[in-house]
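The values are calculated or read from the model by the stated rules, or taken from the named source; none is laboratory data. What you are looking at is a predicted structure, and each value in this text was computed from that prediction instead of being measured. Neighbour counts are summed over all protein chains in view; Cβ atoms, including those assigned to glycine, are modelled from backbone coordinates with ideal geometry. Note: areas computed on protein heavy atoms with side chains; ligands, DNA, RNA excluded. Shrake-Rupley method; radii C 1.70, N 1.55, O 1.52, S 1.80 Å.
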Amino acid sequence: MYAYDIYEPIGRKDGQIFPVIFALHGFGGDELDMAGRLELLMDRFVVVSMRGDVEYGPTYGFYHMVTEGDPNAREVDYTSLRVAEFIDEVCNDYVSIDKNQIFLAGFDQGAVLTISIMQSYGGQYKAAALLSGRLPHYLEERPANLMLKDKRIFIGHGIEDAVIQIAEAEEISQFFQKMGCNVEKHSYFVGHNVNEAEEDDLYSWFESFLPNQNQPVKK
């Protein structure tokens, strides 16, 4: 099981359940990275911020990096399965989680992994946010996941990103559009990072899923 931090809304009442965001950090990060980017949603969402288990000095990744080209497909597939199983375990362990409202959010390597998870298991998730990611091209050779039709996908990318070029955002967009997803793509004047404008758009996107004027769902 992965190491993680979980943030449940303070002051929640017995019987209240909340949508949950599973957050996956980028290469060289840890569980604090994505938690900081989602902090303003923690009064209306449960946030589970995961830590990858591939160690790089004091930091972490979810799979081993390669110098160029796609990551190892077998490793990413196995990691995708492990993350999906982890999500099931956490959702069963916490009564505050609405199992019908499971979201994924990933940055950099976490975005790549989120794409893979959605392609294989995305039918059971509500939506996904992909920040500064890239599409592993081997996924394009696989059968489309028909369960993704009408799923919402948020894509955010920096115009000045020198690590993963912004053209990758369009490739991700086309990949999900071909499966009938409702894709919302944004670009920002930032490098390989997330700026305030992107965070604002991300918050608005997540908040758009909340019913009854952003009040949490009750059992």
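Exactly one condition in (1) in contact (Cβ under 8 Å) with a residue 60 or more places away in the chain; (2) under 17 Å from the mean Cα position of the chain (by Cα); (3) farther than 25 Å from A35 by Cα is not met by S132; state its number.
It fails just one condition, (3).
From the set of residues in segment 180-200 that are outside any loop (DSSP other than H, G, I, E, B) and among the hydrophobic types (A, V, I, L, M, F, W, C), which is farthest from G26 (Cα to Cα)?
Out of the qualifying residues, it is V183.
Across segment 164-205, what is the number of residues that are among the aromatic types (F, W, Y) and closer than 22 Å to K126 by Cα?
The qualifying residues number 4.
Among the residues of segment 3-52, which ones are under 16 Å from F107 (Cβ atoms) and either assigned to a loop (DSSP other than H, G, I, E, B) or open to solvent by 50 Å² or more (accessible area, probe 1.4 Å) (or both)?
Selection gives Y4, H25, G26, F27, G28, D30, L32, D33, L38, E39, R51, G52.
Among the residues of segment 54-77, is there at least one that is over 17 Å from G26 (Cβ atoms) and under 17 Å from the mean Cα position of the chain (by Cα)?
yes
Would you call K218 at pLDDT below 95 and out of contact with any His (no Cβ under 6 Å at 6 or more places or on another chain)?
yes
Name every residue in segment 135-174 that is among the basic types (K, R) and within 20 Å of D201 (Cα to Cα), in order of residue number.
Passing the criteria: K151, R152.
Take segment 53-66 and flag every residue that is farther than 24 Å from D88 by Cβ and either among the aliphatic types (A, V, I, L, M) or crowded, with 20+ Cβ neighbours inside 10 Å (or both).
M65, V66
Could you go through segment 70-83 and let me know if any residue there is out of contact with any helix residue (DSSP H, G or I) (no Cβ under 8 Å at 6 or more places or on another chain), under 21 Å from L113 (Cα atoms) and either in a strand (DSSP E or B) or open to solvent by less than 40 Å² (accessible area, probe 1.4 Å) (or both).
Checking segment 70-83: not a single residue is out of contact with any helix residue (DSSP H, G or I) (no Cβ under 8 Å at 6 or more places or on another chain), under 21 Å from L113 (Cα atoms) and either in a strand (DSSP E or B) or open to solvent by less than 40 Å² (accessible area, probe 1.4 Å) (or both).
I'd like to verify a number: residues in segment 188-206 that are open to solvent by 50 Å² or more (accessible area, probe 1.4 Å) and touching a helix residue (DSSP H, G or I) at 6+ places or on another chain (Cβ under 7 Å), how many?
Residues meeting the conditions: 0.
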